[in-house]
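So the structure is just underneath, and the comments pick up after that.
The values are calculated or read from the model by the stated rules, or taken from the named source; none is laboratory data. These numbers come from a predicted model, not from an experiment. Cβ placement follows ideal geometry from the backbone for every residue including glycine, while neighbour counts extend to all protein chains displayed. Surface areas here come from the heavy atoms of the whole protein model, side chains and all, with no ligands, DNA or RNA. Shrake-Rupley method; radii C 1.70, N 1.55, O 1.52, S 1.80 Å.
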Amino acid sequence: MNKEDKQWLKKCIDNPDKYKIFVDNDGIFIVDTEKQNNEDVWGDDVVHTFWNFGYDFVVDLLEYLGTNVDYV
């Protein structure tokens, strides 16, 4: 998880009514709910896309939370 990912994650935690995280099979991204135009969250609605997804994102997230984590 890079510095920008961490900053955006903090924004989402601090502002759960403003930002929503969407999880897709090949990406994890953030939408500003105040700017969201419709239910289709692709394109201009996305304010940030996380660097990793899938297993890599889970490991990054658990590391960010301070756990001792590794792949098996």
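Annotations
- Cα long-axis angle, helix 3-14 against the chain (0 to 90 degrees, to the nearest 10): 60 degrees
- In this simple spin-label approximation, TRP51 and LYS3 carry label points 7 Å from Cα along the Cα→Cβ vector, and these lie 1.1 nm apart.
- Relative to the dominant Cα principal axis of the chain, helix 54-64 is inclined by about 70°.
- Protein accessible area in the chain, 1.4 Å probe - carbon and sulfur %: 50 percent
- Annotation: amide H of TYR19 within the under-5 Å range of THR33, sequence separation 5 or more or interchain, hydrogens built in the peptide plane.
- Cut-off under 5 Å, modelled amide H: who pairs with TRP51 long-range: ASN2
- The residues TYR64, TYR19, sorted by heavy-atom accessible surface at 1.4 Å with ligands and nucleic acids left out, run TYR64, TYR19 from largest to smallest.
- Fully extended contour minus Cα-Cα distance, from LYS35 to ASP14, at 0.36 nm per residue: 5.8 nm
- Options (1) 3, 16, 26, 24, 18, 8, 4, 2, 0; (2) 3, 17, 31, 28, 14, 6, 2, 0; (3) 3, 11, 15, 17, 11, 9, 9, 9, 8, 6, 2, 0 - which one matches P(r) over Cα pairs in 5 Å bins from 0, in percent as calculated here: (1)
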